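Participant: The structure's right below; bear with me while I get my questions together.
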Amino acid sequence: MKTSMFKNLALSTTLSIAMVGIAEATTLKLSHVRPQDTAIDQAAQAFASDIERATDGELKIRLFPANALGDYTVVQERVGLGAVDMAVQPPASGTDKRFQLAYLPYLVQNWDDAQRVFATGAPMRKEIEEIYADQNIHVLAAWPVYFGGVALNRELEKAADPMIDKGAKLRVPPMKSFQLTADNIGFIGSPLPFSEAFTAVQTGVVDGVMGSGAEGYYASFRDVTQYYLPINTHFEMWYLLINQEIYKELDSAQQVALSEAAANFETARWGSAEADQTRNEGLLKEAGATIIPVTDEQIDAHTRIVREKVWPEILDDIGADWANDVLDKVLQ
């Protein structure tokens with residue numbers, strides 16, 4: 001009888017320990033592309049806090065800023081494989097060329113237009129989510145970043161005139177849309193991974209960078225940026241991603257917590273993004289960069305050239321029938 005009681009006690013203790021193990025927090029790794037204390041890092045910290053609070057600590061998010069887990073192109077592949085749980089970053093078209101449509105230069109011209117095109121439920125957003133789903137990645141939210149421009153390490157004559165051949169080489173992301181844009185507005189596009197961009201500018205391999213905006217240039221390139229040209233090259237959207245299988249393995253309460261925190265993450269950013277862009281242009285100026293004046297007419301001139309010369313090549317490259325069908329929905 002005593003032996004039975006001890007066995008039952010031992011079994012009860014074992015089960016209790018097992019239950020404690022089950023109740024222990026699940027920690028998900030979240031990668032992002034900016035240094036600590038930048039806007040996205042602060043937003044990601046708030047998101048992680050919301051998750052931990054909503055799940056009573058059973059689900060936690062551990063941040064890996066500044067590409068600590070690899071370049072965003074590599075991280076996207078790792079999220080699809082489940083080697084990295086989550087990420088906040090731009091789409092990498094190397095995994096699917098249809099992502100180039102999200103970077104279509106001069107697709108939107110102002111913040112209201114951007115929200116209409118990229119917000120939850122919008123046609124472009126739905127297409128992006130479907131492309132990610134094909135890679136075993138679930139989109140939780142989006143994070144509007146900025147309108148893009150060009151960072152330069154030397155002065156250029158008539159830099160804001162798209163008709164002038166400037167003789168300047170720009171690092172561009174390894175996406176056809178950026179290289180074609182640079183080549184058609186007076187620059188020479190040189191595709192390089194983000195991880196190589198700073199050194200390329202610092203050593204004079206290139207004269208500047210295209211593919212980011214004031215926030216990105218201040219965060220990662222302010223020491224090599226002498227001039228900033230805000231010509232609204234593209235609208236940058238990052239996406240809050242999680243591996244689809246990892247997401248499915250979470251219980252329903254955790255999934256709800258993720259969705260609600262992600263919605264707050266996105267809504268808060270739409271309310272602050274435009275002011276944040278202006279603030280970062282000011283920070284670039286404080287860091288010593290000259291902000292080159294750009295008129296609406298000059299942006300319109302860039303838009304006409306790019307839509308006429310660049311868009312057809314991009315659309316053909318990613319599938320004209322599919323792309324035009326999406327654009328018909330987006331631009332109506």
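The values are calculated or read from the model by the stated rules, or taken from the named source; none is laboratory data. This is a predicted model, so every value here is computed, not measured. Positions of Cβ are backbone-derived with ideal geometry, glycine not excepted, and every protein chain shown enters the neighbour counts.
Participant: Determine whether F187 is among the aromatic types (F, W, Y), at pLDDT below 95 and under 21 Å from E313 (Cα atoms).
Facilitator: Numbers: among the aromatic types (F, W, Y): yes; at pLDDT below 95: no; under 21 Å from E313 (Cα atoms): yes.
Considered against the rule, which asks whether it is among the aromatic types (F, W, Y), at pLDDT below 95 and under 21 Å from E313 (Cα atoms), F187 comes out as no.
Participant: What about V88, is it among the β-branched types (V, I, T), within 22 Å of A219 (Cβ to Cβ), touching a His at 6+ places or on another chain (Cβ under 7 Å) and modelled with pLDDT of 95 or more? Break it down into steps so the answer makes sense when it comes.
Facilitator: Numbers: among the β-branched types (V, I, T): yes; within 22 Å of A219 (Cβ to Cβ): yes; touching a His at 6+ places or on another chain (Cβ under 7 Å): yes; modelled with pLDDT of 95 or more: yes.
Considered against the rule, which asks whether it is among the β-branched types (V, I, T), within 22 Å of A219 (Cβ to Cβ), touching a His at 6+ places or on another chain (Cβ under 7 Å) and modelled with pLDDT of 95 or more, V88 comes out as yes.
Participant: State the number of residues belonging to region 72-109 that are in a helix (DSSP H, G or I) and either touching a Ser or Thr at 6+ places or on another chain (Cβ under 7 Å) or basic (K, R) (or both). Working first, answer last.
Facilitator: Start the filter on region 72-109 by keeping residues that are in a helix (DSSP H, G or I), which leaves 72-81, 97-103.
Still in the list and also either touching a Ser or Thr at 6+ places or on another chain (Cβ under 7 Å) or basic (K, R) (or both): 75-78, 97-100, 103.
Of the residues in region 72-109, 9 are in a helix (DSSP H, G or I) and either touching a Ser or Thr at 6+ places or on another chain (Cβ under 7 Å) or basic (K, R) (or both).
Participant: Moving on. Would you please list the contacts, defined by Cβ atoms under 9 Å and residues six or more apart or on different chains, that run from a residue in region 46-71 that is in contact (Cβ under 8 Å) with a residue 60 or more places away in the chain and assigned to a helix (DSSP H, G or I) to a residue that is surrounded by fewer than 18 Cβ atoms within 10 Å (Cβ to Cβ) and among the basic types (K, R)?
Facilitator: Filtered contacts from region 46-71: I51/K60.
Participant: Would you call A168 touching a residue at least 24 places away in the same chain (Cβ under 8 Å), surrounded by fewer than 21 Cβ atoms within 10 Å (Cβ to Cβ) and within 25 Å of I40 (Cα to Cα)?
Facilitator: Details: touching a residue at least 24 places away in the same chain (Cβ under 8 Å): yes; surrounded by fewer than 21 Cβ atoms within 10 Å (Cβ to Cβ): yes; within 25 Å of I40 (Cα to Cα): no.
Against the criterion (touching a residue at least 24 places away in the same chain (Cβ under 8 Å), surrounded by fewer than 21 Cβ atoms within 10 Å (Cβ to Cβ) and within 25 Å of I40 (Cα to Cα)), A168 does not qualify.
Participant: I would also like to ask the following. Quick one: L283 ticks every box in (1) within 24 Å of the chain's Cα centre (by Cα); (2) at pLDDT 95 or above; (3) closer than 29 Å to D96 by Cβ except a single one, so which number is it?
Facilitator: If we test L283 against (1) within 24 Å of the chain's Cα centre (by Cα); (2) at pLDDT 95 or above; (3) closer than 29 Å to D96 by Cβ, just (3) comes out false.
Residues checked against (1) touching a helix residue (DSSP H, G or I) at 6+ places or on another chain (Cβ under 7 Å); (2) over 21 Å from P144 (Cα atoms); (3) assigned to a helix (DSSP H, G or I):
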| residue | (1), (2), (3) |
| --- | --- |
| V256 | no, yes, yes |
| A263 | no, no, yes |
| N280 | yes, no, yes |
| K285 | no, yes, yes |
| H302 | no, yes, yes |
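Participant: Next question, about the same structure. Since S16 meets every condition but one in (1) farther than 26 Å from M175 by Cα; (2) of a type in the set (S, T, N, Q); (3) modelled with pLDDT of 95 or more, which condition does it not meet?
Facilitator: (3)
Participant: Within region 181-200, restricting attention to residues that are within 21 Å of K158 (Cβ to Cβ) and touching an Asp or Glu at 6+ places or on another chain (Cβ under 8 Å), which residue is surrounded by the most Cβ atoms within 10 Å (Cβ to Cβ)?
Facilitator: Filtering region 181-200 for residues that are within 21 Å of K158 (Cβ to Cβ) and touching an Asp or Glu at 6+ places or on another chain (Cβ under 8 Å), the one surrounded by the most Cβ atoms within 10 Å (Cβ to Cβ) comes out as G189.
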